[in-house]
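Please read the structure below before turning to the comments.
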Amino acid sequence: MARSPSESLSEFIALLATDDFRGAACAGQSPYLFDGAIEGEPVKSRRARHQRALKICSHCPIKQRCRDRHEQIPRHYRHGVWGGIVYSR
Ligand code: SF4
């Protein structure tokens, strides 16, 4: 059964659909790579997932815009990978 996206991930997915995120390197990738800690997920798996996300961010042409938008969203949504940075809760 598919997992429901976290609030943070839902916010991320919604932003990806906006004009601000046009050209994002993560468009078309699994958004779950960018989610924060997932309940019950082994730390090793989370780190591997985030490494994949960071690799995608590393060649993203809108990385700075992504970081700027990340600062504008409510603090409790800010975990996960945004703009090439891993944010914890
Ligand atoms: S910097 Fe990373 S998370 Fe942000 S839009 Fe680009 S690929 Fe997506």
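Derivation of every value follows stated rules applied to the coordinates shown; laboratory data play no part. No experiment lies behind these values; they were computed from the predicted model shown. Note that we place each Cβ from the backbone using ideal geometry, even for glycine, and neighbour counts take in every protein chain shown.
Side notes on the structure shown:
- Per-residue extension of 0.36 nm, minus the Cα-Cα distance of Gln64 and Ile13, leaves a gain of 16.6 nm for this segment.
- Alpha-carbon Rg with Dmax, taken over the chain, Å: 12.1, 35
- Each Lys or Arg adds one and each Asp or Glu subtracts one; over the other residues with Cβ under 13 Å from the Cβ of Cys66, this totals +2.
- Normalised by the number of residues in the range 10-89, the mean separation of alpha-carbon contacts (under 8 Å, six or more apart) gives a relative contact order of 33 percent.
- Neighbour counting of Cβ atoms within 10 Å sorts the residues Leu54, Leu33, fewest neighbours leading, into Leu54, Leu33.
- For the chain, a crude dipole built from +1 on the beta carbon of Lys and Arg and -1 on the beta carbon of Asp and Glu, taken about the Cα centre, is about 380 debye to the nearest 20.
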